[in-house]
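A short write-up of the structure that comes next.
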């Protein structure tokens, strides 16, 4: 819809908090930009993420800022969340967001996307799922994979911190083998679940494993994933956003940890289906990338 | 398949003329048909301009779910698919309803419990989806027989719960259910219950209006919360949820939200009164000292017992509850005036309706409540069983 929905009623302007006024005056939307939105705007513009309540130096918060700054069409984007640290950020996003239960995010997103296609056949409405590794790989695995099997036109982002962080540091399916966490007091007994590979074999047209160490790379992947989901089918990005608290790092050490993992458990993996490959080439020609 | 944009001011996307609920339920001429509960639900959905449905197989509701799928293929329902299991389906239904769709789904027995976490979430979203529950009881041991134990688990989810006795009532009730649940001052999900097999699979005579008329579409912009479609500014609740804070105001907000859901269910009373023609229907002798309080098929069996008892010179009446949430307290008290003994026949082991009746009437009425007769696991409830229970009270010490 039009970004006019963010216009403030003049009668109330004098009592509006500054961040709401900024959304109208200084935020970037697809409709008020000649060029593509992107991370370069972060320093000067109003972000569509308000100040959040995550820990100082949290890589997940960084990654979310990159993701939101690179949404191709935020005014028509719906974000579906799950329970966890991400659910502490979603209310600060100035878009329509949904949190309903822990693990059902891809099912809720499927319903929303299908109805938006039915109600607004001539408008592109992007539906983006944003959930942690517990929500994606463990409790919500069924619903995540089933949405891939059904070829739902949604983008799924997993903020993989390899642990249940919000509940106090328990082992998850995404934890590395051998790692000691709560509920795995003698070390995890099985390998990290390769969710990006499951996404590929389950029908995703685009599946990436990466860290959030390079903002531009995150922005590019998000943009590509959303464009492909719009036209072709499900896409998946697994992003390492370490929980510095649970692995004993300081606020300034998250970036270094992500860089280290760029060569290890999160070394670059990228699957693009032939159909999606051709579509991306077309998007480049049209200046959408 | 249809396109929503095919809709005009006077006709929906499948070309049916748009009419009011009053016209569809009370004024349109009807003709006689002979069909099962599953088939009649298809006929109801066909006349309701339904945007979305998500299905999953489980006995005995599968056929109803197939038939809604056929309506989609025929262009009457906007979008439809089979979900992965009932938990997924109820989440998909939530997504559909939150995105502004008139949405219906069906389930039975164990599926209800698998989906359970969703139902409290549904009412918290204040979205007006309809669940048609064809009750079958729950495991274990494995059962697929008629039994309505699962209703016990739905009582405190914050959803409205209506109970239809037969095929005709299922048709009329499921249409009224959309209308009442979508009223802006109500706007909570609704469960329309029927007894599995006894209603879903039994062919009965039923009066239906023509199928070239249908309800006006759902208007999501009249909802108390904005639909999740990026067409309106994000609500403040989206940006400031209660979980974010640990202070008294956040607790009070959460508590008041939950009270408000229950108040919304209470506000449905006058609408239910109108569209269901009363929250309870009473039949039999007005001055009877013996009454049956029942819903669904149990009410039907109670009516049979009432006729037999009448022949034996024992006057009784049947008070059929049509809404369970909201619970028709005032109507029940009025109907019990002068009644000495009230029996609550039920198709489940726990006696959830007896419990509801007892705790609602506690201290307000002198009628003795007899919690039974009760059958379960697929057993039928012959009129004789009910009569025997009554005669043990009437003819105390002498047997039936």
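Overview of values
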quantity: Neighbour-count ranking [beta-carbon atoms within 10 angstrom, fewest first] of A:130, B:149; calculated: B:149, A:130
quantity: Calculated over the protein assembly as shown: convex hull of Cα atoms, volume per residue (Å³); calculated: 183
quantity: Gyration tensor over alpha-carbon atoms, chain A, equivalent ellipsoid semi-axes in Å; calculated: 29, 23, 18
quantity: Other protein chain Cβ atoms within 10 Å, averaged over every residue that makes up B:74-86; calculated: 3
quantity: Radius ratio Rg over Rh of the range B:284-394, counting only Cα atoms, Kirkwood formula for Rh; calculated: 0.93
quantity: Percentage relative contact order, chain A, counting C-alpha pairs under 8 Å, at least six apart; calculated: 17
quantity: Global size of the range B:109-158 as Cα Rg and Dmax, reported in angstrom; calculated: 11.5, 35
quantity: Helix axis angle, B:37-46 relative to chain B longest principal axis, alpha carbon, degrees; calculated: 30
quantity: Residues listed by number, the range A:23-37, amide nitrogen under 13 Å from residue A:7 label point at 7 Å toward C-beta; calculated: A:24-25
quantity: Cα-based Rg / Dmax (Å) for the range B:222-360; calculated: 21.4, 68
quantity: Equivalent ellipsoid dimensions for the range A:1-146 as semi-axes, Å, which come from the Cα gyration tensor, largest first; calculated: 26, 20, 14
quantity: Stretchable slack from residue B:310 to residue B:183, in nm (0.36 nm times residue separation minus alpha-carbon distance); calculated: 41.5 nm
quantity: Quotient of Cα Rg and 2.2 N^0.38 Å for the range B:36-131, N being how many residues it contains; calculated: 0.98
quantity: Protection proxy ranking of A:64-73, B:334-343 - average other beta-carbon atoms within 10 Å, highest first; calculated: A:64-73, B:334-343
quantity: Kirkwood Rh (inverse of mean 1/r, distinct Cα pairs), the range A:1-71, angstrom; calculated: 13.5
quantity: Relative contact order of chain B, defined on C-alpha pairs under 8 angstrom at six or more residues apart (%); calculated: 17
quantity: Overall Cα dimensions of the range B:94-177, principal axis frame, Å, largest first; calculated: 39, 31, 19
quantity: With eigenvalues of the C-alpha gyration tensor scaled by 5 and rooted, the range B:4-221, Å; calculated: 25, 20, 15
quantity: Kirkwood Rh in Å, taken over all unlike Cα pairs in the range B:32-89; calculated: 11.7
quantity: Degrees separating the helix B:297-311 axis from the principal Cα axis of chain B, which is the longest one; calculated: 30
quantity: Length-normalised contact order of the range A:138-267 in % [C-alpha pairs under 8 Å, at least 6 apart]; calculated: 29
quantity: Rg over Rh [alpha-carbon atoms, Kirkwood Rh] for chain B; calculated: 0.98
quantity: Peptide B:99-105, shielding by other chains (average Cβ, 10 Å cutoff); calculated: 5
quantity: Principal-axis tilt of helix B:167-181 within chain B, Cα atoms, nearest 10 degrees; calculated: 50
quantity: Burial ranking of peptide ranges A:29-35, B:357-363, A:222-228 (average Cβ count within 10 Å, highest at the top); calculated: A:222-228, B:357-363, A:29-35
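Quick note: the coordinates plus some simple rules give every number you see, no bench work behind them. Computed from a prediction, not measured in an experiment: that's the story for all the values here. Reconstructed Cβ throughout: ideal geometry from the backbone, glycine too, with neighbour counts over all protein chains shown.
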